[in-house]
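Novice: Got a structure for you, written out below as structure tokens; questions coming shortly.
The values are calculated or read from the model by the stated rules, or taken from the named source; none is laboratory data. Every value quoted in this text rests on a predicted model; they were computed, and no experiment measured them. Here the Cβ positions follow ideal geometry from the backbone for every residue, glycine too, while neighbour counts run over all protein chains shown. We work out accessible area using only protein heavy atoms, side chains counted, and drop any ligands, DNA or RNA first. Shrake-Rupley method; radii C 1.70, N 1.55, O 1.52, S 1.80 Å.
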Amino acid sequence: MIAVFIGYLILVFFVGFAAQRFISKSEEGYYLGDRNFGPVATAISAGASDTSGWIFIGAAGYSYVAGISTMWMLPGFIAGYLLNWFVVAPRFRRSGKELGALSLPDYFSKRFHDPKNSLKILAAAIIAIFFIAYMASQLTAAGKALNAIIEFDYNWGLVLSAAFVIGYSIFGGYRSVVWTDVTQGLIMMAVLVIFPLYMILFQLGGFREFFTTLEMIDPVLLSAGGGTSGAVGFGVILGLIGFGLGEPGQPHIIQRFLSAKDDQTIRQGSVIAMVWVIIVMTGSNLLGLIGRILVPVIDDPEYIFPQVTMDIMHPIIAGIVIGAIFAAIQSTFSSQLMVATQSIASDLLKSITKKEYTSKQNVTISRITMILLGVLSTGLALMNLKAVFDLVLYAWAGLAASFGPLLIFSLYSNKVTRQGAFWGMITGSVVTIVWINASLSSYIYEIIPGMLSAAIVIYFVSKATAEKETQLKNVHDLKEDIT
């Protein structure tokens, strides 16, 4: 088992390290892989970055407790993927290339003609804040997986996982992240298809017997609301559906659209992406339910899939499954690490210092920043403050509320002003944080009030400041004509 797992690690590290030979030495090469990825790489990399360690650890654990109600996330994610791939992706790719934008903060700054780079600074800061928590959740998942499967020390497991991902990301930049995402994504998909089908059809008596057994254990497991009803039940269902609608606001996912080669890549990639989301969401839900039958009692539900792996699988198969769990963790961690590094080392630093750096300096600064971010996220994970699923929910909601409404407005409306964009991002972040700390998340997931509030603020602030910004733009254009 351990030999198979080590073989997987060697394969991933080799793929990531080899990527450095295929990028230009420019900033665009390091951060976007020279914008020449095809549909398979774009779609699977986006999917692998999206469906992180929470699929095998957090979502499976949640399904173990709440049952079939977790499947409400699937229609939400289908809607979110449709929104991302058909509404956001085509226009964002074209607009990003025309503007020469290398990231989401860079796009906002250029799209809204922001001479002081206030939008870029704010967006970069939001990404850094929420991504540190998000990355910590991935390392927490890694520590739990290693601890459950091979009884490896939890703390050392997450430290070594962070070091491993930083090791290959630091050399090949964005291209190494995408290449390893594709390798890891294929492993994830295989396990999420084969394992649930094999267990249900050949070990648990087929689907009818499977669901009958679950009902005998606890009828709540087959309840649409997870045992809740009325207003609370509606809030739970709406929150689970709303989770998927946060897709357009995730910088590590939409970065894939900036690096896509052309419009045909987006069209073909959308088909692959839709197949992906159906497989991973259904598979992760079934993992938790299978675990509920095989291991009726467990101290921490997020250990359920690693525990089942150890209890019933042949060592070779267990090694492959461990690889799939780590594929989910590492693909997202590396993507988030890359985007957070770019936000700080490129977007934030350049905006504050107002200096231009050589390509060599940019890469050096990026690598140092990557190491520092890895240390910070590892430190947070070592504090073991929250469960994986809770950390993911928090970061996902914050990013979605801050960027999702603004991104869609910016692509489909010319009436959004710089002030509207600025205060929309702040509103999304603040409402998310306040909603969580006010303990309102039990009634409705914070992503919904966060995104609605941001959209309302963008609309009304833009309406109030449109005339003034038009006047300032005319003055600026006149000065440029004179000079």
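Novice: Of everything in segment 123-147, what is among the small types (G, A, S) and crowded, with 24+ Cβ neighbours inside 10 Å? Give them in sequence order. Give the derivation first.
Specialist: Of segment 123-147, the ones among the small types (G, A, S) are 123-125, 128, 133, 136-137, 141-143, 145.
If the condition is that a residue be among the small types (G, A, S) and crowded, with 24+ Cβ neighbours inside 10 Å, then A123, A124, A136, S137, A141, A142, G143, A145 are the ones that fit.
Novice: Given the criteria under 28 Å from I433 (Cβ atoms), outside any helix (DSSP H, G or I) and either hydroxyl-bearing (S, T, Y) or open to solvent by 20 Å² or more (accessible area, probe 1.4 Å) (or both), does K120 qualify? Give the steps one after another, and end with the answer.
Specialist: Numbers: under 28 Å from I433 (Cβ atoms): yes; outside any helix (DSSP H, G or I): no; either hydroxyl-bearing (S, T, Y) or open to solvent by 20 Å² or more (accessible area, probe 1.4 Å) (or both): yes.
The answer is no for K120.
Novice: Can you work out which of the residues in segment 155-178 that are crowded, with 23+ Cβ neighbours inside 10 Å and aromatic (F, W, Y) is modelled with the highest pLDDT?
Specialist: Y174
Novice: Within segment 297-306, is there a residue that is modelled with pLDDT of 80 or more, part of a loop (DSSP other than H, G, I, E, B) and under 30 Å from L122 (Cα atoms)?
Specialist: No: segment 297-306 contains no residue that is modelled with pLDDT of 80 or more, part of a loop (DSSP other than H, G, I, E, B) and under 30 Å from L122 (Cα atoms).
Novice: Would segment 269-279 turn up any residue that is open to solvent by 50 Å² or more (accessible area, probe 1.4 Å), at pLDDT 80 or above, more than 17 Å from the chain's Cα centre (by Cα) and within 28 Å of A3 (Cβ to Cβ)?
Specialist: No.
Novice: Could you pull out the residue among L348, L337 that is in contact with a helix residue (DSSP H, G or I) (Cβ under 7 Å, 6 or more places away or on another chain) and surrounded by fewer than 24 Cβ atoms within 10 Å (Cβ to Cβ)?
Specialist: Numbers: L337 fails: surrounded by fewer than 24 Cβ atoms within 10 Å (Cβ to Cβ).
Exactly one residue qualifies, and that residue is L348.
For (1) within 22 Å of S343 (Cα to Cα); (2) open to solvent by less than 50 Å² (accessible area, probe 1.4 Å); (3) of a type in the set (V, I, T), each residue gets a yes or a no:
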| residue | (1), (2), (3) |
| --- | --- |
| V375 | yes, no, yes |
| A381 | yes, yes, no |
| W396 | yes, yes, no |
| T417 | no, yes, yes |
| W423 | yes, no, no |
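Novice: Hey, any hits in segment 286-295 for a residue that's basic (K, R), crowded, with 18+ Cβ neighbours inside 10 Å and within 27 Å of G143 (Cβ to Cβ)?
Specialist: Yes, there is a match, as at least one residue in segment 286-295 is basic (K, R), crowded, with 18+ Cβ neighbours inside 10 Å and within 27 Å of G143 (Cβ to Cβ).
Novice: Given the conditions (1) closer than 16 Å to T332 by Cβ; (2) in a helix (DSSP H, G or I); (3) modelled with pLDDT under 75, which single one is not true for V15?
Specialist: Of the numbered conditions (1) closer than 16 Å to T332 by Cβ; (2) in a helix (DSSP H, G or I); (3) modelled with pLDDT under 75, the odd one out for V15 is (1).
Novice: So which pairs qualify, if the first residue must be in segment 257-274 and in contact (Cβ under 8 Å) with a residue 24 or more places away in the chain, the second must be open to solvent by 50 Å² or more (accessible area, probe 1.4 Å), the Cβ gap must be under 7 Å, and the two must be at least 6 apart or on different chains?
Specialist: Short answer, once both residue conditions are applied: K261/N36; S270/F86; I272/V40.
Novice: While we're on this one: Mind checking whether some residue in segment 331-352 is of a type in the set (A, V, I, L, M), modelled with pLDDT under 75 and in a helix (DSSP H, G or I)? Full working, then the answer.
Specialist: Filtering segment 331-352 down to residues of a type in the set (A, V, I, L, M) leaves 337-340, 344-345, 348-349, 352.
Still in the list and also modelled with pLDDT under 75: none.
There is no residue in segment 331-352 that is of a type in the set (A, V, I, L, M), modelled with pLDDT under 75 and in a helix (DSSP H, G or I).
Novice: For segment 426-456, how many residues meet the condition of being open to solvent by 40 Å² or more (accessible area, probe 1.4 Å), assigned to a helix (DSSP H, G or I) and farther than 20 Å from A133 by Cα?
Specialist: 2
Novice: Out of all the residues in segment 353-374, which are without any contact (Cβ under 8 Å) to a residue 60 or more places away in the chain and part of a helix (DSSP H, G or I)?
Specialist: Going through segment 353-374, the residues without any contact (Cβ under 8 Å) to a residue 60 or more places away in the chain turn out to be 353-358, 361, 364-365, 368-369, 372.
Scanning segment 353-374 gives T353, Q361, T364, I365, I368, T369, L372.
Novice: Any chance segment 72-86 includes a residue that's open to solvent by less than 10 Å² (accessible area, probe 1.4 Å), of a type in the set (A, V, I, L, M) and more than 15 Å from Q255 (Cα to Cα)?
Specialist: Yes, segment 72-86 has at least one match.
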